[in-house]
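These notes are about the structure you will find just below.
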């Protein structure tokens with residue numbers, strides 16, 4: 001009789017873990033919004049204590065004389081991070097997806113994930 005509560009408890013823990021894994025998968029693969037931002041690539045760094053992520057900063061210039069706005073983003077693909085690193089200091093256009101509700105910063109510190117970069121003349 002004492003094994004029944006243990007089986008129920010283990011089943012409950014496995015159900016919670018499966019629901020959490022499903023939520024993470026949906027949050028990473030279903031984007032809230034998509035778009036493109038253009039500006040000057042300022043920096044890209046590989047940071048984190050336990051979970052290393054690529055984090056970057058794009059300077060958006062709206063009007064001459066106006067204070068530039070910063071677009072903070074994360075990169076999950078190593079090859080895209082290499083392309084971005086090669087274009088630091090240049091004017092670029094970033095294609096991104098916004099993923100809201102990620103449960104931890106191990107996926108990235110921001111909710112904006114860059115998927116492509118191209119140089120802008």
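Values quoted throughout were computed directly from the atomic coordinates according to the rules given, and no laboratory measurement underlies them. Quick caveat: nothing in here was measured; it's all calculated off a predicted structure. Ideal geometry is used to build each Cβ from the backbone, glycine not excepted, and the neighbour counts take in all protein chains shown.
Here are the numbers:
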| item | result |
| --- | --- |
| Principal-axis tilt of helix 3-29 within the chain, Cα atoms, nearest 10 degrees | 20 degrees |
| Given (i) 19; (ii) 35; (iii) 42, the label whose value is percent of Cα pairs over 26 Å apart derived from this model | (ii) |
| Residue order, fewest to most beta carbons within 10 Å, for 32, 96 | 32, 96 |
| Segments 15-25, 36-46 sorted - mean Cβ within 10 Å per residue, highest first | 36-46, 15-25 |
| Most to least packed among 69-76, 101-108 [average Cβ atoms within 10 Å] | 69-76, 101-108 |
